[in-house]
Amino acid sequence: MDDVVIPAANESQALEYRKIVLQVACDYGLEINFKKCQFLHNTIEFLGHIIENGRLFPSPSKIKAVINYPDLKNIKDVRRFLGLTGYFRKFLPSYSTIAKPLSDLLRKDSLFQFYAEQQTAFQKLKYLFSQQPVLSIFNQNFSTEIHTDASIDGLGAVLLQKSIHDNQFHPVFYMSKKTSDHERKYTNFELEVLAVVKALKKFRIYVLGTSFKIITDCDALVKTLSKKELNPRIARWALYLQEFNYTIEHRTGSKMAHVNALSRPPHCILIQNSVHLQFLKAQQADDQITTIKTLLETTPHDNYIVKNKLLYKTVNGTDLLVVPDERQANIIKTAHERGYFAVLRTQDLVSKDFYIPRLKDKVEKCIQNCVTCILTNRKRGKQDGTLNQIEKNDLPLHTFHLDHLGPLATTSKKYKHVFAVIDAFSKFTWLYPTRSTNAAEVINRLENQRHVFGNPARIITDKGSAFTSSAFEDYCKKQNILHISITTGLPRSNGQIEKQNSTIISVLSKLSVDDPEKWYSHVPHLQEILNSTFQRNIKMTPFELLFGTKMKSCQDIEIVELLNDEITAQFQEQRDALRQDAKKQIYKVQDENRRTYNLRRRQAHKYQLHDLVAIKRTQFGPGLKLKQKYLGPYKVTKVKHNDTYDVEKCDFVDGPSKTSTCAEFMKLWPNQTNST
């Protein structure tokens with residue numbers, strides 16, 4: 001037997017318990033090594049913990065081991081570090097959430113990719129342990145509460161007890177757990193119930209047989225568990241909860257901190273190589289440094305000095321260790337990766353202790369080849385690519401821009417979206433309320449429009465599911481329509497309709513402010529407003545340019561009727577002149593836009609076939625805001641016009657397997673064989 005702790009409330013009780021234990025040992029012939037025994041102590045160290053005055057701390061030696069843990073270089077290092085910190089996870093709220101970027105590296109078939117997200121988790125765990133976390137020891141006579149919380153990413157709970165000394169609740173145990181892929185599909189309510197169940201399983205040895213409160217931020221949990229009819233999963237959990245004597249209270253306000261469970265991984269041994277020995281060997285292998293050290297043995301020099309067999313250079317009164325060529329890249333990389341700093345900050349860190357010739361150039365080269373920075377940092381300065389405007393045709397109804405707006409408030413007719421069509425030349429707009437964004441409804445609307453206006457020669461869309469479907473592509477081929485699909489994440493490629501979208505939403509919201517579910521009834525009126533409004537780039541209304549006459553309205557209907565014959569007679573004569581004027585005005589506005597836009601741009605980098613690149617992440621759903629802003633590596637598979645490219649994923653990384661992108665959203669992948 002080993003590591004036996006005998007707690008007692010006071011000295012006399014401790015002596016009595018000691019007597020009983022010694023008697024039992026004697027009765028069973030057990031030998032006790034008194035050199036390893038401690039008696040009547042207020043503070044003891046037990047299984048890596050310090051126990052003192054009703055409180056529990058991690059052992060200082062364990063905390064030191066965490067804080068001084070070296071950089072993680074491979075999966076084995078990650079497993080060891082999580083083993084060391086995981087043993088004390090009960091001390092940290094949100095341990096599993098914080099450690100998730102690291103624990104994800106342990107998944108089967110996962111590649112070791114240690115980027116900014118993993119480095120942040122590594123450093124944050126070190127910092128939290130350095131703050132000397134503390135827990136209270138459970139006392140069955142104290143008032144007990146369990147606070148739970150759940151999200152799609154994890155479950156958490158904290159066991160709290162109210163101290164009789166300060167009348168405050170103190171944490172006894174933190175529990176947290178990552179949700180599995182299956183659990184991530186649960187509803188919010190199911191996750192909240194699961195958090196309660198997991199907490200009770202973890203804290204069962206403390207709360208079974210006692211009365212306690214469960215505090216949750218899920219109001220439905222209080223009401224639903226008392227219902228007679230529950231779905232099988234909830235019913236199974238509710239049956240388990242009946243084992244405990246608890247009351248549930250709904251918690252308002254900010255969420256409670258996620259909290260963590262206890263695990264005990266294998267012991268970790270930290271081994272650090274001697275930095276002094278490494279530099280000594282490296283300097284001895286460097287011919288230039290060896291020559292300088294030999295000269296200094298006979299001729300002292302103001303700028304160089306040898307200390308402990310190592311060569312230093314004196315710069316501004318400070319002795320800096322001279323770094324051999326073979327160690328320079330590693331020194332710069334280590335300084336940079338302390339916080340993935342920019343050039344000046346990295347240069348500052350290195351130059352405090354080390355001397356490296358042409359340091360700035362080498363730091364710049366290091367950062368240019370840092371995969372983490374490439375995938376995480378935004379592109380700075382002028383962006384790649386000048387404005388590539390769509391070539392205009394001289395005739396209306398030649399090019400249509402298509403897009404969906406919504407989803408909007410569901411109406412009694414089940415309309416949820418607006419399908420918008422804009423003629424590129426005249427700016428004439430057609431708006432159709434739709435029940436979905438599928439290809440069938442799009443084709444149906446275009447067919448109805450075809451019977452009145454005919455087919456366009458060209459259609460421009462984004463990569464919405466309706467427009468990338470085989471049904472839509474087949475329709476375009478059958479009708480002999482050229483379909484142009486814009487680059488993902490680059491809405492300005494379909495700028496005419498994107499600009500109109502904001503106007504449509506704004507006006508619709510104002511027209512339907514009294515009854516948002518009746519927005520569809522205002523769509524025809526909105527279409528009338530858009531097509532009868534003067535537009536700067538054509539210097540008239542879309543209706544006038546398309547039909548050669550002003551739109552009739554209730555205000556001027558009598559005047560229009562009187563003038564209609566004359567306007568109609570003049571239309572054929574004026575139409576060509578109107579269209580030529582409109583074309584000149586469009587080109588004039590385009591030229592102004594091009595000059596203004598290009599002031600903020602530079603000529604795009606020309607990528608070649610088979611180049612390795614990183615591409616910009618264009619979608620940020622829930623929980624992705626802190627993800628890397630770029631994905632890669634990708635390989636260029638096709639060079640297209642206007643600085644656009646087709647790319648294909650060439651590793652097991654996040655992102656689509658194939659996609660199209662543009663130079664603005666691309667970065668060259670570093671040449672890993674380069675060194676600084």
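A short reminder: the numbers here are calculations on the coordinates, not readings from a lab. Small disclaimer: the values here were computed from a predicted structure and weren't measured. Here the Cβ is made from the backbone with ideal geometry for all residues, glycine too, and neighbour counts use every protein chain on show.
Sort Leu191, Leu320 by Cβ crowding within 10 Å, fewest neighbours at the top. Don't jump to the answer; show the numbers that get you there.
Working: Leu191 21, Leu320 17.
If I rank by nearby Cβ atoms, fewest first, I get Leu320, Leu191.
Listed highest first by mean packing, meaning other Cβ atoms within 10 Å per residue, what order do 421-434, 153-166 come in? Could you put the intermediate results ahead of the total?
Values: 421-434: 22.4, 153-166: 19.6.
For the peptides 421-434, 153-166, the packing ranking is 421-434, 153-166.
List the relative contact order of segment 79-127 as a percent without decimals, with contacts defined as Cα pairs under 8 Å and 6+ residues apart.
Numbers: 24 pairs, mean separation 19.1, N = 49.
Relative contact order, segment 79-127: 39 percent.
Alpha carbon centre of segment 140-183 versus segment 78-108: separation in Å?
Measuring centre to centre over Cα atoms gives 18 Å.
Sorting check: for 295-308, 462-475, which peptide has the highest mean count of neighbouring beta carbons within 10 Å, and how do the rest follow?
In descending order of packing, they fall as 462-475, 295-308.
Roughly what percent of Cα-Cα pairs across segment 412-525 reach past 22 Å?
Details: 2282 of 6441 pairs.
Distances greater than 22 Å cover 35 percent of the Cα pairs.
Within the set Lys100/Lys649; Lys352/Lys606; Lys379/Lys640; Lys108/Lys616, which residue pairs have Cα atoms separated by over 30 Å?
On the way: Lys100/Lys649 25 Å; Lys352/Lys606 39 Å; Lys379/Lys640 22 Å; Lys108/Lys616 27 Å.
Pairs exceeding 30 Å: Lys352/Lys606.
Give the peptides 607-617, 45-55 in descending order of average Cβ contacts within 10 Å, highest first. Could you put the intermediate results ahead of the total?
Numbers: 607-617: 17.5, 45-55: 13.9.
My ranking of the peptides, most packed first, is 607-617, 45-55.
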